[in-house]
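Following: one structure in structure tokens, then a few remarks.
The values are calculated or read from the model by the stated rules, or taken from the named source; none is laboratory data. Just so it is clear, the model here is predicted, and its values are computed rather than measured. We place every Cβ from the backbone using ideal geometry, glycine too, and count neighbours over all the protein chains shown.
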Amino acid sequence: MAGSRKTEMTDRDVLIIGGGPSGVAAGLELRRQGVTRVTLLDREPTLGGATRHCLHSPFGMREFGRVYIGAAYGRRLDREAAAAGLDVRTGHSVVSLGEEGVVTVTSARGVETLSARRVLVTTGAREMPRAARLLPGDRPVGILTTGALQAFVAFHGLMPFRRPLIVGSELVTQSAVLTCLTHGARPVAVVEAGPQALVRAPLGLFPGLMGIPFWRNTHITDIRGGSRVEAVTLLRDGQPVTVACDGVLLTGSFTPESALLLPTAQGVDPGTGGPAVDQSGRGRNPLYFAAGNVLRAVETGGWAFREGRAVGAALAADLRAGDPVAGPVIPVTHDDPVKLVMPSLLRRDSGMAAFRDFQVRFRHPASGVLSLEVDGREVWRRSGHWMPERRVLIPIPGVALMAERVHVRFR
């Protein structure tokens, strides 16, 4: 009966929360490694995560040896999960995480409590909406993110505007431009607050090649409209400019979907915005692991798949070892303007490693020397010009696992 609460006590080995590329990949790897009792939960009606409404390619080249558009890639993930014998439960939303591997779930069946020996969180990431970006102005219809736009187009066949202003210059921005152009909308401009595109060259040239102005050093100062967006006032190179448009499309500025972890004892890492994990993908609570874009926003679907597979292998090894690793953690600290380091913890006896490198991101463009120090001794360094939202990899040395202090320094 809807609204009822029941407890399903089983001898489940792993409970995976999230059915995107990383969650499915982890489940496939766990099954391949002989872990049979794996349940995968997803709140949507089908698997695939955000890829389900991506109307572009390429997806699947490295994991499946062929190129898919996003929707077809999501269907492939669905088929792979079924073929592997995963216990897939779609339409299930997790509402709380318990400290002992017990989670509370809602679905059409009502409210349930599920338990497992280990829990893997793979809830992905999302783009920042208007409220989180603190954009000023009226509150008309027509302000949405790329994910919302692509869902409108893919699931409902609707294009919510014809002349939007696009905000951002990440990889997803190029997808937003393409979605507009292929579905009857022509953006009036693409604007970026920074001095250059965040996406790597030559992709930053795409809007201009399509005849769409790309304005850097540009900020929104006002949004005007009654029933829907009518115009946007911009500060472009210090000068006010008003642009007529019928929508504002917010792209990028991803943040991990980590709300489930906020009320738990392990919480959220202030740098990554996701759960703090060690080199195996294990959180502060040794029963919980995490993989994919919930760890740090944001990587491609292929990267998330490979990461899920690696954490799945580490999790399988952990189950074979018996009791979970509960030893002390070594925090990995960093200097500004480094935005995040992932993994942000190390454990001396964590078992199989899922991450061979620290993943580093910068807050803003910076030139200088990036280095890794272990107990005050420099073990790696590189000079360069570092751009925000670009992945930098620093190998995790064996000596770091025996250290007292590990620090990413910037000079």
Of the residues in the range 19-78 that are more than 24 Å from Arg117 (Cβ to Cβ) and of a type in the set (Asp, Glu), the one that is surrounded by the most Cβ atoms within 10 Å (Cβ to Cβ) is Glu63
For residues in the range 310-334 being part of a loop (DSSP other than H, G, I, E, B) and touching a residue at least 40 places away in the same chain (Cβ under 8 Å), which is surrounded by the most Cβ atoms within 10 Å (Cβ to Cβ)?
Pro324
Residue in the range 81-99 that is among the polar types (S, T, N, Q) and buried (at least 17 other Cβ atoms within 10 Å of the Cβ) present:
no
Given the options Glu230, Glu299, Glu307, name the one that is under 30 Å from Pro164 (Cα atoms) and assigned by TED's automatic domain parsing to the domain that holds Gly18.
Glu299
Restricting to the range 150-168, and then to whatever is at pLDDT 95 or above and touching a Leu at 6+ places or on another chain (Cβ under 6 Å), can you tell me which residue is farthest from Pro388 (Cα to Cα)?
Pro164
Hand me the list of helices (runs of 4 or more DSSP H) wholly inside the range 1-117 holding 2 or more residues that are outside the structural domain of Gly301 (by TED's automatic domain parsing) and over 18 Å from Phe289 (Cα atoms).
none
Within the range 390-397, is even one residue at pLDDT 95 or above, on the phi > 0 side of the Ramachandran plot, surrounded by fewer than 16 Cβ atoms within 10 Å (Cβ to Cβ) and not basic (Lys, Arg)?
no
For the range 178-196, name all the residues that are under 14 Å from Trp215 (Cβ atoms) and not charged (D, E, K, R).
Pro187, Val188, Ala189, Val190, Val191, Ala193, Gly194, Pro195, Gln196
Considering residues of the range 121-180 that are hydroxyl-bearing (Ser, Thr, Tyr) and closer than 19 Å to Arg216 by Cα only, the residue surrounded by the fewest Cβ atoms within 10 Å (Cβ to Cβ):
Ser175
Would you point out the residue of the range 202-222, among those that are among the aliphatic types (A, V, I, L, M) and closer than 19 Å to Ser253 by Cα, that is farthest from the chain's Cα centre (by Cα)?
Ile220
On the basis of being among the polar types (S, T, N, Q), out of contact with any Asp or Glu (no Cβ under 8 Å at 6 or more places or on another chain), modelled with pLDDT of 95 or more and farther than 22 Å from Val268 by Cβ, does Ser107 make the cut?
yes
Given the condition at pLDDT below 95, more than 18 Å from the chain's Cα centre (by Cα) and more than 23 Å from Glu127 (Cα to Cα), answer yes or no: does some residue in the range 39-51 qualify?
no
Given the condition modelled with pLDDT under 95 and either closer than 18 Å to Arg89 by Cβ or touching a Cys at 6+ places or on another chain (Cβ under 8 Å) (or both), answer yes or no: does some residue in the range 15-35 qualify?
no
Which of the residues that make up the range 335-365 are over 25 Å from Arg320 (Cα atoms), touching a residue at least 60 places away in the same chain (Cβ under 8 Å) and assigned to a strand (DSSP E or B)?
Val338, Lys339, Leu340, Val341, Met342, Gln359, Arg361
Please work out which one of (1) without any contact (Cβ under 8 Å) to a residue 24 or more places away in the chain; (2) touching a His at 6+ places or on another chain (Cβ under 7 Å); (3) of a type in the set (Gly, Ala, Ser) is the condition Ala83 fails and give its number.
(2)
Would you confirm whether any residue within the range 241-263 is surrounded by fewer than 21 Cβ atoms within 10 Å (Cβ to Cβ), more than 24 Å from Leu171 (Cα to Cα) and under 14 Å from the mean Cα position of the chain (by Cα)?
yes
Residues being touching a Leu at 6+ places or on another chain (Cβ under 9 Å) and either assigned to a loop (DSSP other than H, G, I, E, B) or buried (at least 24 other Cβ atoms within 10 Å of the Cβ) (or both): count how many of those fall in the range 289-309.
10
